[in-house]
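The values are calculated or read from the model by the stated rules, or taken from the named source; none is laboratory data. These numbers come from a predicted model, not from an experiment. Because the Cβ atoms are built from the backbone with ideal geometry, glycine has one as well, and the counts that use them run over all protein chains shown. Keep in mind that these areas ignore ligands, DNA and RNA; they rest on the heavy atoms of the full protein, side chains included. Shrake-Rupley method; radii C 1.70, N 1.55, O 1.52, S 1.80 Å.
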Amino acid sequence: MRYDTVIIGAGMSGLSAGVRLAYFEKSVCILERHTTIGGLNSFYRLRKRNYDVGLHAVTNYAEPGTKQGPLSKLLRQLRMKWEDFDLRPQLRSSIVFPDCKLHFTNQFNFFVEQIAAAFPHQIDGFRRLVTRIAEHDALDLERSALSARQVVSEYIRDPLLVDMIFCPLMFYGSATPRDMDFNQFVIMFKSIFHEGFGRPFDGIRLILKRLVRHFKSLGGHLKLRAGVQEIRQTNGKATSVLLDDGTEIEADNILSSAGAAETMRLVDPHAPLMKAQPGDISFVESISVLDCEPASLGHSDTIVFYSDSKDFHYERPNVPVDLRSGIVCSPNNFDYSQPLEDGRIRITALADPHYWLNLPEEEYLAAKEYWNAQIINSAMKHLPDFRPHVVDTDVFTPRTIRRFTGHLNGCVYGAPEKFVNGQTSVRNLYLCGTDQGFLGIVGAMLSGITIANRYLLK
Amino acid sequence: MTSDHIRQVILEILERIAPDEDLTDLDDARPFREQMELDSMDFLDIVMELRKMYRIQIPEEDYPNLNTMAGTVEYLLPRLKDVAVGA
Ligand SMILES: Cc1cc2nc3c(=O)[nH]c(=O)nc-3n(C[C@H](O)[C@H](O)[C@H](O)COP(=O)(O)OP(=O)(O)OC[C@H]3O[C@@H](n4cnc5c(N)ncnc54)[C@H](O)[C@@H]3O)c2cc1C
């Protein structure tokens, strides 16, 4: 079988690229090594309950019918409807640092008022920063790198406020430790503070299932349990892929969402043709299922980003889990018309991938249990004690992420260095998703669309 | 196809690309972009939808002809005159 394009990976970016290509009548096949779709944002069933792998919130929230912004852009491009995503807005989220708390909602002005009240001397600078952000064209694929910390510190003098602004943006979308590229900062600032959070009542499975149904109805092929072992090339031009089971599939173009370093290893495991280093920012996440709604215990924030130290440390920790900071998300605390089936508290903290990946199998379970208790314990400063209400628990680590998505180091946001124009050193082999540079659910989808439009629809 | 048919086809394409727009009062003489939110990605999709439907290739230098409804219809009329309606 020969295709116009073969796509490696049925995550958000691969599926979105696939929809674009199939819609315009290209023959396209998506190959996915795992037994199911979704990649870093998949879903599963465990002990008779539904879980989302990653989903805290979909960023870039917009009211149905909005004509501008990333969400509306991607729905248009995919020819999908607002109902296909069914996003319900968040209630309210918080950023909590020692002696200071800022709240935000999907109304940006509310956040500005919060900053004006808590940091009266910084508010003018903050407003000027907002203007700078509004004027920045983040979708320019030919940009050069600039330190976001340096830019932000030109406008805001108080280091506490700087760290409080960076905290949610880094947690939800920085592949680089300590600092971000200003462009990525702008994308994340808009997607979190300007636009905000939403979540489908049924979780990520709703969006994924709609995407796949749409893709297949347009004639696209999807093969699960179809890992790509090798990308074959002739004279510097990609020509086919070899699957784990030995099947060879020919294609005029290959689009990979497996990650830059991961993809180049498929081309040549011994002499990578392109310098691509996998990142090492990863997380451990503790998921508790409760017998009640978190709000009934007094916790009604959608997401809490916290740092118990005044300076926020966003980097690979040299302990298994960095307990100084974290994210608490309750999927229950969105504006639904009816309650979810059960209560959930998800707590995420930075983790050291090397520790988790190298742990002997027989110690892994005990380590998960130990660190789960530690994470919950340290988050207790920021939410009521829900522990007596826990009826089930699941924990995932960088090891889980590597096992299910193949991302080296189990890293969530990919390589620190991005390949924004999607090209590789091999002709006709392109990158989309995490390592192309648009992060998160909406980012990954836009990445697939952008690269498909740019190279594969000619 | 007649001018009326072509106009109808373009309206249907615009509805698919931008379902949240109200096109009932579209002024054929004014640029689309003044009347609706249409970015360059959306604009390219008009060209691609036409290619998909009628196998017609529109070279990039001709894009300015497609800025208004009137211009689009005029541009397409000779190119689609042999196409049967509903094809
Ligand atoms: C714990 C966690 C929480 C998150 N929370 C949020 C959130 O709340 N909001 C948000 O917006 N984003 C969140 N994200 C980020 C978001 O999930 C990702 O940015 C996005 O899903 C990335 O999509 P992608 O298509 O780029 O990559 P992936 O989803 O990784 O897709 C790549 C796919 O390729 C497959 N693959 C790899 N190698 C091969 C091979 N050789 N052959 C065949 N298939 C292969 C993998 O199995 C995978 O399915 C979270 C991520 C994690 C891990």
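What to note about this one:
- Tally of residues being in a loop (DSSP other than H, G, I, E, B) and either more than 7 Å from chain B (Cβ to nearest Cβ) or under 19 Å from the mean Cα position of the chain (by Cα) (or both) across the stretch A:67-80: 2
- Residue within the stretch A:146-166 that is touching a residue at least 60 places away in the same chain (Cβ under 8 Å), outside any helix (DSSP H, G or I) and of a type outside the set (Ser, Thr, Tyr) present: no
- The listed residue being modelled with pLDDT of 95 or more, over 26 Å from the mean Cα position of the chain (by Cα), outside the structural domain of residue A:47 (by TED's automatic domain parsing) and more than 12 Å from the ligand (Cβ to nearest atom), out of A:330, A:288, A:325, A:296: A:296
Per-residue answers, yes or no, for (1) part of a loop (DSSP other than H, G, I, E, B); (2) surrounded by 21 or more Cβ atoms within 10 Å (Cβ to Cβ):
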site	(1), (2)
A:265	no, no
A:270	yes, no
A:277	yes, no
A:280	yes, no
A:283	no, yes
A:292	yes, no
A:299	yes, no
A:317	yes, no
A:331	yes, yes
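- Selection status of residue A:33, assigned to a helix (DSSP H, G or I) and over 30 Å from residue A:326 (Cβ atoms): no
- Candidate set: the stretch A:443-458, residues that are open to solvent by 20 Å² or more (accessible area, probe 1.4 Å) and touching a residue at least 24 places away in the same chain (Cβ under 8 Å); chosen: the one nearest to the other protein chains (Cβ to nearest Cβ): A:453
- When residues of the stretch A:418-442 are limited to those that are open to solvent by less than 10 Å² (accessible area, probe 1.4 Å) and outside any loop (DSSP other than H, G, I, E, B), the one farthest from residue A:264 (Cα to Cα): A:442
- Among the residues making up the stretch A:190-215, those that are surrounded by 24 or more Cβ atoms within 10 Å (Cβ to Cβ), among the hydrophobic types (A, V, I, L, M, F, W, C) and over 20 Å from residue A:17 (Cβ atoms) are A:192, A:197.
- Selected residue (criterion: nearest to the ligand (Cβ to nearest atom)) from residues of the stretch A:378-406 that are among the hydroxyl-bearing types (Ser, Thr, Tyr) and more than 13 Å from residue A:289 (Cα to Cα): A:405
- As a summary of the residue check, residue A:184 satisfies the conditions (1) modelled with pLDDT of 95 or more; (2) in a helix (DSSP H, G or I) except for the one numbered (1).
- Which listed residue is modelled with pLDDT of 95 or more, under 22 Å from residue A:340 (Cα atoms) and either open to solvent by 30 Å² or more (accessible area, probe 1.4 Å) or assigned to a helix (DSSP H, G or I) (or both), from A:89, A:64: A:64
- Residues that are surrounded by 22 or more Cβ atoms within 10 Å (Cβ to Cβ) and in a helix (DSSP H, G or I) do occur in the stretch A:238-260, at least one of them.
- Considering residues of the stretch A:407-417 that are open to solvent by 20 Å² or more (accessible area, probe 1.4 Å) and more than 9 Å from the ligand (Cβ to nearest atom) only, the residue nearest to the other protein chains (Cβ to nearest Cβ): A:417
Per-residue answers, yes or no, for (1) within 16 Å of the ligand (Cβ to nearest atom); (2) open to solvent by 20 Å² or more (accessible area, probe 1.4 Å):
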{"residue": "A:26", "(1), (2)": "no, yes"}
{"residue": "A:45", "(1), (2)": "no, yes"}
{"residue": "A:56", "(1), (2)": "yes, no"}
{"residue": "A:77", "(1), (2)": "yes, no"}
{"residue": "A:85", "(1), (2)": "yes, no"}
{"residue": "A:97", "(1), (2)": "no, no"}
{"residue": "A:101", "(1), (2)": "no, yes"}
{"residue": "A:105", "(1), (2)": "no, yes"}
{"residue": "A:115", "(1), (2)": "no, no"}
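- For the stretch B:26-80, filtered to residues that are farther than 22 Å from residue A:450 by Cα and polar (S, T, N, Q), the residue that is surrounded by the fewest Cβ atoms within 10 Å (Cβ to Cβ) is B:65.
- Qualifying positions in the stretch B:1-45 - within 10 Å of the chain's Cα centre (by Cα) and more than 12 Å from every other protein chain (Cβ to nearest Cβ): B:6, B:7, B:8, B:9, B:10, B:11, B:12, B:32
- Taking the conditions (1) away from every other protein chain (no Cβ under 14 Å); (2) open to solvent by 20 Å² or more (accessible area, probe 1.4 Å); (3) within 16 Å of the ligand (Cβ to nearest atom) in turn, residue A:375 satisfies each one other than (2).
- Qualifying residue in the stretch A:5-23 (condition: in contact with a helix residue (DSSP H, G or I) (Cβ under 8 Å, 6 or more places away or on another chain) and surrounded by fewer than 20 Cβ atoms within 10 Å (Cβ to Cβ)): no
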